[in-house]
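The values are calculated or read from the model by the stated rules, or taken from the named source; none is laboratory data. No experiment lies behind these values; they were computed from the predicted model shown. Methodologically, a virtual Cβ is constructed for each residue, glycine included, from the backbone with ideal geometry; neighbour enumeration extends over all protein chains shown.
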Amino acid sequence: MSDFDPIALGTRAQAMIEMLASISADREKLTRLYLTPEHRRAADLVADWMRSAGLTVRMDAAATMHGCRPASREGARSSRRLLIGSHIDSVIDAGKYDGTVGVVAGILAAEELQARGIELPFGLEILAFGDEEGVRFPKTLIGSSTVAGTFEESVLNMTDSAGETVRNALLHFGCDPAVLRSEGLQNADIVGFLEVHIEQGPLLERWNEPLGVVTAIAAQSRHRVRITGEAGHAGTVPMAIRHDAVAAAAEFIAMVEEVARNGVKNNLMATVGEISALPGAVNVIAKEAHLSLDIRASSDEARAQAAETIRGRSRQIGARRGVVIGIETVHQKPVAVCAPRFRKALASAIEAVTSRKAPELISGAGHDGLAMAHLTDIGMIFVRCRGGISHSPFEHVAIADLGLAVETLIRAIVEIAREEAA
Ligand SMILES: [Zn+2]
């Protein structure tokens, strides 16, 4: 069954993605933040598409749009459904494809299954989450954590830069914050969650592959590093007796890079992306340096081990230089492993559609699947994007690749249905 036209499917997907991209807070660039008028227009457009695809639409208390198709056959499993989706919010000055590809692919897959007369033993529920990026409020994944039943009440009091709380923004959007906690779905009702997303990295392009199966969403931790030394005059304190916080920071950064480079087999990545010095003057030896540290890996053990190694080597640097290096963990997310049965179904669908063996890769970025993994099994595919560029107006996906992604999703759904029936 290879009689499909990736260009035709991809062209339809591209047209929808362009329509969504035209909805922005800014005429010059694409910016669509959670619970804004642009979010409303995008959600309404998505709801229209869902209805045209024969889906029943509802908006939940976190403003996620749900488009549902019931199971084709009666029986014990008929209330169960397969969730498919991604997000329609964006970063500031975003690309068109991040998030929207997954929402559009889900709607087109539902439409095609209907058009091809394919019956399924479970329902389909297409999801368009409103907050994956966490740009407006200091919290990510509000939509998916609500569906997963892990939404925390304290988030309602968080504010945006204008001082508006999540609670008020939800009320203005027409959502009832009081029922957020009860919006969580039940594991027994759910077959799993599938997401199609652009890779946002360079590997598929480098391998000359349009699609890849995601094995896991990486474990991640964020830390604040504070290095305390001793201030002094840049012209009078001899080099040998200095306790220079910035010089120690330089050694710390190089050490972090070395630790990560030695962990390639665990997809270890460690990044110092922010640095500041106190008092911060050209002729003063710094007494303090503040740094950020982000660590990611394909397993929780590898991530924890890297953090331990970094702590140990920091103590050595501190002892040698007479400075104190304090590392505080501010945020930690365990690895979300993609379910083997979905990896298998997605891989065989990719192989059927592309006639090549499906490559596997890990997601270094967090996604809605990270929250959904608390509810159910997750499966994910990545679509090649030009130059690996994302969160930028230069984000680009070829039309043929979009078509291949939609067809892969359709066939994976059929494959999962076959497994369920067996
Ligand atoms: Zn995304």
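What the table shows:
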quantity: Filtered residues of the stretch 131-174 (kept if hydroxyl-bearing (Ser, Thr, Tyr), within 16 Å of the ligand (Cβ to nearest atom) and touching a strand residue (DSSP E or B) at 6+ places or on another chain (Cβ under 8 Å)); calculated: 144
quantity: Counted residues, the stretch 1-54 - those being part of a loop (DSSP other than H, G, I, E, B), touching a helix residue (DSSP H, G or I) at 6+ places or on another chain (Cβ under 6 Å) and either surrounded by fewer than 17 Cβ atoms within 10 Å (Cβ to Cβ) or modelled with pLDDT under 95 (or both); calculated: 3
quantity: Selection within the stretch 211-230 - in contact with a His (Cβ under 9 Å, 6 or more places away or on another chain) and small (Gly, Ala, Ser); calculated: 221, 229
quantity: Residue check for residue 299: polar (S, T, N, Q), under 30 Å from residue 149 (Cα atoms), within 16 Å of the ligand (Cβ to nearest atom) and touching a residue at least 40 places away in the same chain (Cβ under 8 Å); calculated: no
quantity: In the stretch 391-422, residue surrounded by the fewest Cβ atoms within 10 Å (Cβ to Cβ) [restricted to those that are in contact with a Gly (Cβ under 6 Å, 6 or more places away or on another chain) and part of a helix (DSSP H, G or I)]; calculated: 400
quantity: Hits in the stretch 347-358 (condition: surrounded by 16 or more Cβ atoms within 10 Å (Cβ to Cβ) and within 21 Å of residue 388 (Cβ to Cβ)); calculated: 350, 354, 358
quantity: Subset of the stretch 350-369 [away from the ligand (no atom under 16 Å from the Cβ), under 22 Å from residue 98 (Cα atoms) and of a type outside the set (D, E, K, R)]; calculated: 350, 358, 359
quantity: Residue within the stretch 199-220 that is away from the ligand (no atom under 15 Å from the Cβ), in contact (Cβ under 8 Å) with a residue 12 or more places away in the chain, in contact with a Cys (Cβ under 7 Å, 6 or more places away or on another chain) and assigned to a strand (DSSP E or B) present; calculated: yes
quantity: Pairs where the first residue, in the stretch 221-237, is without any contact (Cβ under 8 Å) to a residue 60 or more places away in the chain and the second is part of a loop (DSSP other than H, G, I, E, B) and among the polar types (S, T, N, Q), C-beta under 9 Å, 6+ apart; calculated: 233/283; 234/283; 235/283
quantity: Test result for residue 162, among the aliphatic types (A, V, I, L, M) and either within 24 Å of the chain's Cα centre (by Cα) or under 30 Å from residue 324 (Cβ atoms) (or both); calculated: no
quantity: First in the stretch 340-368 and under 20 Å from residue 406 (Cβ atoms) and of a type in the set (Phe, Trp, Tyr), second anywhere and assigned to a helix (DSSP H, G or I) and at pLDDT 95 or above, Cβ under 9 Å, 6 or more apart; calculated: 342/412; 342/416
quantity: Subset of the stretch 300-351 (residues that are farther than 22 Å from residue 366 by Cβ, part of a helix (DSSP H, G or I) and β-branched (Val, Ile, Thr)); calculated: 309, 317, 350
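Residues are listed down the side, and each one gets a yes or a no for (1) among the charged types (D, E, K, R); (2) within 15 Å of the ligand (Cβ to nearest atom):
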| position | (1), (2) |
| --- | --- |
| 82 | no, no |
| 88 | no, yes |
| 96 | yes, yes |
| 110 | no, no |
